[in-house]
Amino acid sequence: MIHAFRFQNYYLALDVESGAVHSMDEQAYEVVRALEEGRPLESLPYPKEEVGEIVAELNSLHDAGAFEAEELVPPEGTGGQVIKAMCMHMAHDCNLRCKYCFADTGEFHGARMLMPEKVAYAALDFLIAHSGKRHNLEVDLFGGEPLMNWDVVKKTVAYGRELEKKHDKRINFTITTNCVALDDEKIDFINREMHNVVLSLDGRREIHDALRPTANGKGSFDLIAPRAQELVRRRGDKEHYVRGTFTNRNLDFTNDVKALREMGFEQISLEPVVLPDESPYAIRAEHVETVLAEYDKLASFLLSERKAGRWFNFFHFMVDLAGGPCLKKRVSGCGAGAEYVAVSPDGDIFPCHQFVGEAEWKMGSVLSGEFNTGMQQDFLSCNILTKPECRACWAKYFCSGGCAANAWKYNGDIRKPYRATCEFEKKRTECALGIFAAERES
Amino acid sequence: MKHIKTIQQPCINASAHTGCGECQASCQSACKTSCTVANQKCQKESK
Ligand code: SF4
Ligand code: SF4
């Protein structure tokens with residue numbers, strides 16, 4: 001399978017199954033497109049000899065396994081039934097009232113609740129017990145807002161450190177926070193103990209304040225921005241992301257990336273909001289084209305900044321072509337419900353944070369130890385080899401099959417990818433490959 | 001070649017038979033609403 005596309009002045013083609021990327025002239029690009037679409041090459045407005053030359057070049061690439069390569073199938077069973085990553089919902093409560101919150105302003109469709117220490121310990125025990133031979137485990141301290149349960153956060157990390165020693169494991173903790181409750185003590189603890197930190201900040205002050213108000217209805221930007229900056233300043237090179245959400249109110253989100261840049265942030269992620277169409281902030285089919293064009297704009301901004309020596313990273317434009325994940329990982333994707341689960345404050349297990357609180361997706365409980373391995377199998381078998389739309393999609397090895405939670409929320413089926421996010425993913429992949437090409441050639 | 005320049009050699013086949021499972025679960029990294037794995041590192045390589 002080939003995907004030919006244009007990025008700025010580049011004509012590019014991705015050989016899907018091999019991962020090879022080719023940059024070409026316009027004529028070659030048109031030949032590839034015609035081959036892709038099954039149009040006769042005679043219909044192209046180029047001299048016959050030239051078309052012949054191009055076809056010969058494509059043939060030699062084919063012989064080298066870099067053009068129209070065969071589909072590969074990863075080894076069976078190495079993913080196994082182990083669980084190695086867990087999202088712990090430390091608090092179903094929040095000190096902000098974000099208008100688009102998928103957790104329903106921190107309550108997750110239930111009562112406000114903090115995860116008791118007992119549940120947190122049981123969750124880590126459950127993770128260790130199901131981790132098999134995996135050495136590297138991941139625990140994300142999530143919410144609501146996890147800082148609202150700070151004491152238990154600290155105890156959880158301490159308990160995790162004990163378990164690491166006892167079982168010869170490594171637990172990489174991540175915390176996702178809205179920054180409201182950050183103070184010096186918390187910043188230092190987080191920077192010492194957390195492998196990764198995700199800081200929620202939407203970009204421009206007016207955008208952020210309109211969608212991320214405090215409980216008393218005021219904007220939260222001024223509370224958050226200096227704390228996030230301080231954390232990142234003290235953190236140095238250690239992994240972190242400033243992560244924003246865009247809605248239909250800021251489809252010009254390049255301006256939000258610019259605002260985050262001006263605040264000094266270099267590791268940036270902005271995500272389209274996930275909301276039902278009837279929500280006033282939802283990104284709907286009619287917004288898709290605007291979003292795609294905006295990704296192009298953002299890619300141009302990123303390239304020009306980096307060229308000028310002002311490096312920054314946009315999560316979705318990052319791609320590691322040569323040293324990326326193995327085929328098995330590319331096929332199996334996020335691992336939700338399979339090797340990754342989420343735990344609610346009362347100890348119930350769900351396939352991932354986006355499913356928490358949805359009764360039909362309860363997989364078990366860390367307190368009773370019960371776990372629905374049938375549901376785990378369903379998630380394991382939901383991958384790009386088994387989803388027909390994904391298997392036929394050129395972006396499959398970059399996307400890995402998209403988000404099961406989105407698929408379920410929009411299409412009622414974890415195996416039916418949600419079209420708008422597919423369009424976004426494909427565009428971001430094109431931008432990522434385009435940036436790779438542009439930076440290589442400059 | 002005159003018309004085509006390969007800027008990335010085939011790379012997916014190199015990893016077709018591995019799969020140690022030690023790498024990060026994708027959504028844990030930054031996005032929390034969607035999945036991109038291609039930008040992730042192989043844990044074996046980064047060790
Ligand atoms: S972009 Fe959509 S169809 Fe393609 S792999 Fe991702 S989820 Fe599947
Ligand atoms: S199902 Fe979606 S939200 Fe859940 S872990 Fe996977 S990509 Fe992330």
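Observations on the model:
- Cysteines having no other Cys beta carbon under 4.7 Å from their own, within chain A: A:Cys87, A:Cys94, A:Cys179, A:Cys326, A:Cys352, A:Cys382, A:Cys390, A:Cys393, A:Cys399, A:Cys403, A:Cys422, A:Cys431
- Inter-label distance, nm, simple model (7 Å from Cα along the C-beta direction), A:Trp311/A:Asn411: 3.9
- Set A:Lys99/A:Lys396; A:Lys154/A:Lys218; A:Lys118/A:Lys154; A:Lys99/A:Lys409; A:Lys154/A:Lys362 screened for pairs whose C-alpha atoms are more than 21 Å apart: A:Lys99/A:Lys396; A:Lys154/A:Lys218; A:Lys154/A:Lys362
- Förster radius 30 Å - calculated FRET efficiency between A:Asp222 and A:Lys166 (Cβ-Cβ, nearest 0.05): 0.10
- A straight Cα-to-Cα reach below 24 Å connects A:Lys48 with the lysines B:Lys2, B:Lys5, residues fewer than 8 places away in its own chain not being considered.
- Approximate spin-label separation A:Glu262-A:Gln81, in nm, with each point projected 7 Å along Cα-to-Cβ: 5.5
- Springs between Cα atoms under 10 Å define the GNM used for chain A, and in it the highest mean-square fluctuation of A:Ala215, A:Ala342, A:Ala56 occurs at A:Ala56.
- Dipole in debye (nearest 20) - the range A:123-168, about Cα centre, beta carbon charges: Lys, Arg +1; Asp, Glu -1: 200
- Calculated [222 nm] ellipticity per residue, helices only, for the protein assembly as shown: -11000 deg cm²/dmol; basis is -39500 (n - 2.57) per DSSP H run with n ≥ 4, divided by all residues, nearest 500.
- Cβ-based exposure ranking for A:Trp394, A:Trp150, A:Trp311, in which fewest neighbours within 10 Å come first: A:Trp311, A:Trp150, A:Trp394
- Here the range A:152-220 is treated with +1 on each Lys and Arg Cβ and -1 on each Asp and Glu Cβ, and its dipole about the Cα centre works out to around 240 debye.
- Counted residue by residue at 0.36 nm each, then reduced by the alpha carbon distance between them, the extension gain from A:Ser442 to A:Ser279 reaches 54.3 nm.
- The residue list A:Ala338, A:Pro325, A:Met363 was ranked by how far each Cα lies along the charge dipole of the range A:323-442 toward its positive end, using unit charges on Cβ atoms, and A:Pro325 comes out on top.
- Cα-only radius of gyration and Dmax that characterise chain A, units Å: 23.1, 75
- Between A:His62 and A:Glu389, the simple label model (points 7 Å from Cα in the Cβ direction) yields a spacing of 3.1 nm.
- Residues A:Glu49, B:Glu22 arranged by fewest to most Cβ contacts within 10 Å: A:Glu49, B:Glu22
- Spatially, the range A:348-383 and the range A:2-57 are offset by 46 Å when compared through their Cα centroids.
- Length-normalised contact order for the range A:293-442 - Cα pairs under 8 Å, 6+ apart - percent: 24
- Charge tally around A:Glu339: other residues with Cβ under 9 Å, Lys/Arg +1 each, Asp/Glu -1 each, net +2.
- This model, with +1 at the C-beta of Lys and Arg and -1 at the C-beta of Asp and Glu, gives chain A a dipole about its Cα centre of some 1340 debye.
- Prolate/oblate/rounded label for the range A:203-264 (Cα gyration tensor, a/c 1.5): oblate
- Global geometry of the range A:282-345, whether rounded, prolate or oblate, following the gyration tensor of its Cα atoms and the 1.5 cut on a/c: oblate
- Counted as membrane-span-like here are DSSP H helices of chain A whose alpha-carbon atoms extend 18 Å or more along the helix's own axis and whose Kyte-Doolittle mean is 0.5 or above; these are A:117-130.
- Set of aspartates and glutamates with alpha-carbon distance to A:Lys307 below 18 Å, sequence-local pairs under 8 removed: A:Glu262, A:Glu266, A:Asp296, A:Glu439, A:Glu441
- Between amide H atoms placed 1.01 Å from N, distances below 5 Å from A:Glu138 occur with A:Ala85, A:Met86, A:Asn172, all of them 5 or more places distant or on a separate chain.
- A:His208, A:His135 arranged by Cβ crowding within 10 Å, fewest neighbours leading: A:His135, A:His208
- GNM top mover of A:Asp209, A:Asp277, A:Asp15 - chain A, alpha-carbon springs below 10 Å: A:Asp277
- Computed over the range A:194-306, relative contact order equals 27 percent, with contacts defined as Cα pairs under 8 Å that lie 6+ residues apart.
Where a number appears in this text, it was derived from the coordinates with a stated rule and is not lab data. Since we're looking at a predicted model, the values are computed, not measured. As a convention, Cβ positions derive from the backbone with ideal geometry for all residues, glycine included, and neighbour counts pool all protein chains shown.
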